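A short worksheet on the structure shown next.
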Amino acid sequence: METILPLLLGYGNSLLRFPVEGNVSSLFRLQSTLRWHEFLAELIRVNKLSNSLEFDTDIYKFYAEALTDVEDQSKSYDCSARIKNVNCLALEILEESLPGLNVSTDLKENKKKPRKKSNLQQLNELLEYRPADSELNELMSLLCKPSGALRLSNEKMKEETKEEPTFEICNQSKHAEILAGIDIDRCAESLKRSRKTQLLKCLETKIHFVPIIKSHTDPKLGDCSYLDTCHKLKTCKYLHYYQTVPTLAANKPPPPNSPTLEVLASYTKGEPISKTLCKQLPAQWINCDVRKLNFNRLGKFAAIIADPPWNIHTNSIESNETELLKIPVDQIQDEGIFLLWVTVRSTSIGRAWLLENGYTVSSELIWVKTNQLGRNICTGRTGHWLNHSKEHLLVGIKGRCTWLQRGLFDDIILASTRETGRKPDELYVMVEKMVGEHARKLEIFGKQHNVRPGWLTIGNQLEGNNVVEDLV
């Protein structure tokens, strides 16, 4: 046993893995002192004393064959017996019961420091590993659970977001018919005189859409597709509406802000170190031809929005895509987020341009347009084959951007249309929450209704220039 026991103790359970894989013939070739029949005899003796080895077949059969011709060592190659399990504890107990056993120092060290597994061995073990259901459930709960940074960002956004009132819409057609025959500016007085208290209470608490009936209006035609955005209100024969605001809600003071959580005070991701030292800049704009502007003078920006004129009917500068996309974006952004408005036809062009300038198109935001009545627009002013009731915004990311707030918003904005080319205000709020309201933000091809505090807007439809930054 002076050979077999140290061999088994030295390698332990590693004998069951590659390259030995428990094969008795391979184990025999790890030593050179014993002959084949002697090796099997010691192996059987060790197992008999310790009951530490489990074979997949009868090992005595191969030992009997080896005894028929002890000089023939080739019989070891015909042995198909394998060790299925090694009880290392039983081997250690047997070792302690044999104090005179001379165990090799190298093998003892090998036992204490098992051999490092190869990459292939580790990969095979991972592929063969079958976790229990409890482990899978725990892993899924960890993956689905929002991170601490995301929870803090959500709580901070709730604390800092101004609460806007919401109103119900009156669905009683009789109320709209009565209001249509009353002067809209003096409807409250008229209702008091006529003692229509139920309608007066409804007017104080709910929104009403009052039909505008002119001499040229034909109610049988139904609602105008454009409603309050119609360019031909003086001649359009379709129905248009006034919108009333609840009088009680309009005069109601805003609710007091809820107490700010102390834990949020120290969480300033996306914000400057001190808001008192870095105040938000007022709105800035430059009236210019974007194609001829020296962008190198503007500095770097954390967020950029661009709404290029994609060769559709607008009052802005028309240009082909080749000239339009020559904006030197590398001069105004090293790392950050770039949001590019595209049409259905120009989506592939916009994606290719973002990739060419080092951006990763991480997402696509969709603005679903609604009309004055809160319904989906069924007739738009664009589209050659189908009416377009939505717009697409490509979201490009350059650099690692670990400072960006993530997971706060959905990729759909449901908002009403306003002037031609005017985008929803919700988009600007999203960007400000993602990069921080004090970060530098730029809008290219903007119009006068796009100017906002903390933003620099450039385009050819702005009223003069207003720049307060010394950098620009």
Among (1) touching a helix residue (DSSP H, G or I) at 6+ places or on another chain (Cβ under 7 Å); (2) more than 22 Å from residue 93 (Cα to Cα), the one test that residue 21 misses: (1)
Residues that are in a loop (DSSP other than H, G, I, E, B) and crowded, with 21+ Cβ neighbours inside 10 Å, drawn from segment 347-361: 359
All positions within segment 30-51 that are touching a residue at least 40 places away in the same chain (Cβ under 8 Å) and either among the β-branched types (Val, Ile, Thr) or closer than 22 Å to residue 68 by Cβ (or both): 36, 42, 45, 46
Residue list for segment 29-84, filter: open to solvent by 80 Å² or more (accessible area, probe 1.4 Å) and in contact with an Asp or Glu (Cβ under 9 Å, 6 or more places away or on another chain): 33, 35, 65, 78, 82, 84
Tally, over segment 215-240, of residues that are in a loop (DSSP other than H, G, I, E, B) and surrounded by 13 or more Cβ atoms within 10 Å (Cβ to Cβ): 9
Contacts under 7 angstrom Cβ, first residue in segment 116-138 being at negative phi, partner modelled with pLDDT of 80 or more, 6 or more apart: 121/17; 121/18
Long-range neighbours under 7 Å by Cβ, at least six apart or interchain, first residue touching a residue at least 60 places away in the same chain (Cβ under 8 Å) within segment 140-157, second surrounded by 10 or more Cβ atoms within 10 Å (Cβ to Cβ) and in a helix (DSSP H, G or I): 152/264; 155/264; 156/264; 157/433
Long-range neighbours under 6 Å by Cβ, at least six apart or interchain, first residue over 17 Å from residue 326 (Cα atoms) and without any contact (Cβ under 8 Å) to a residue 60 or more places away in the chain within segment 343-365, second open to solvent by 40 Å² or more (accessible area, probe 1.4 Å) and in a helix (DSSP H, G or I): 361/351
Number of the exception - residue 412 against (1) more than 30 Å from residue 147 (Cα to Cα); (2) touching a strand residue (DSSP E or B) at 6+ places or on another chain (Cβ under 8 Å); (3) β-branched (Val, Ile, Thr): (1)
Residue 427 vs. criteria modelled with pLDDT under 90, under 28 Å from the mean Cα position of the chain (by Cα) and of a type in the set (A, V, I, L, M): no
Selected residue (only one of 137, 124 is farther than 30 Å from residue 223 by Cβ and either surrounded by 13 or more Cβ atoms within 10 Å (Cβ to Cβ) or at pLDDT below 80 (or both)): 124
Residues of segment 147-183 that turn out to be assigned to a helix (DSSP H, G or I), surrounded by 10 or more Cβ atoms within 10 Å (Cβ to Cβ) and polar (S, T, N, Q), as a count: 2
Filter pass, residue 240 being of a type outside the set (S, T, N, Q) and free of Cβ contacts under 8 Å to residues at least 12 places away in the same chain: no
Listing of strands (runs of 3 or more DSSP E) fully contained in segment 375-472 that carry 2 or more residues being closer than 30 Å to residue 171 by Cβ and open to solvent by 10 Å² or more (accessible area, probe 1.4 Å): 390-398, 412-416
Flag for residue 144 being over 30 Å from residue 206 (Cβ atoms) and either open to solvent by 90 Å² or more (accessible area, probe 1.4 Å) or modelled with pLDDT of 80 or more (or both): yes
Some residue of segment 366-374 being among the aromatic types (Phe, Trp, Tyr) and touching a Pro at 6+ places or on another chain (Cβ under 9 Å): yes
Residue within segment 405-413 that is over 26 Å from the mean Cα position of the chain (by Cα) and basic (Lys, Arg) present: no
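The values are calculated or read from the model by the stated rules, or taken from the named source; none is laboratory data. Predicted, not measured: the structure shown is a model, and the values here were computed from it. Because the Cβ atoms are built from the backbone with ideal geometry, glycine has one as well, and the counts that use them run over all protein chains shown. To get the accessible areas, we keep the full protein, side chains included, count just its heavy atoms, and leave off ligands, DNA and RNA. Shrake-Rupley method; radii C 1.70, N 1.55, O 1.52, S 1.80 Å.
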